[in-house]
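The next block holds one structure in the form of structure tokens; read it before the comments.
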Amino acid sequence: QVQLVESGGGLVQAGGSLRLSCAASGSIFSINAMGWYRQAPGNQRELVAAITSGGSTNYADSVKGRFTIARDNAKNTVYLQMNSLKPEDTAVYYCNAGVVVAGTGYEYEYWGQGTQVTVSS
């Protein structure tokens with residue numbers, strides 16, 4: 001099996017920064033796309049940023065210029081650097097990865113447990 005473990009959430013004032021990390025472990029042959037999603041109370045889960053194994057990225061319009069996604073393929077880890085945080089960024093942030101499970105040849109989608117990010121005004 002594969003596990004995604006997130007860290008780095010917390011409480012920060014508006015204008016501040018946080019860095020989220022998500023490490024994948026388990027029966028991993030390779031990882032394709034990795035990404036971060038968020039879900040605020042009463043809202044649907046939405047894509048924040050994603051990155052391919054080759055390093056191509058895409059971002060939600062609401063975070064462009066403020067958030068940066070990066071990955072370390074050797075560590076099976078994806079990061080989300082969040083700068084100039086706003087109260088509307090408050091949400092539970094989830095890590096997502098498309099993992100080719102060792103010995104299967106198939107890609108499966110996995111989610112982390114979520115980490116709370118709260119931005120106070």
Practice problem: Report, by chain and number, residues whose modeled amide H sits under 5 Å from the one on ALA33, excluding near sequence neighbours (fewer than 5 apart, same chain). | Solution: SER53, GLY98
Quiz item: What percentage of the solvent-accessible surface of the chain, computed with a 1.4 Å probe over protein heavy atoms, is contributed by carbon and sulfur atoms?
Solution: 48 percent
Quiz prompt | Local net charge near GLN3, Cβ-Cβ under 15 Å (Lys/Arg +1, Asp/Glu -1) | solution = -1
Quiz item: Between segment 11-41 and segment 59-121, what's the alpha-carbon centroid distance in Å?
Solution: 3 Å
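Which whole-number value in Å² is the accessible area per residue of segment 10-49, probe 1.4 Å?
On the way: 2110 Å² over 40 residues.
With all protein chains present, segment 10-49 gives 53 Å² per residue.
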Practice problem: Compute log10 of I(q)/I(0) for the chain with the Debye formula, placing one identical point scatterer on every Cα and leaving out solvent, at q = 0.14, 0.19, 0.20 Å⁻¹, to two decimals. | Solution: -0.55, -0.96, -1.04
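The values are calculated or read from the model by the stated rules, or taken from the named source; none is laboratory data. The shown structure was predicted, so the numbers you read here are calculated from the model rather than taken from an experiment. Reconstructed Cβ throughout: ideal geometry from the backbone, glycine too, with neighbour counts over all protein chains shown. All accessible areas refer to the heavy atoms of the entire protein, side chains included, with ligands and DNA or RNA removed. Shrake-Rupley method; radii C 1.70, N 1.55, O 1.52, S 1.80 Å.
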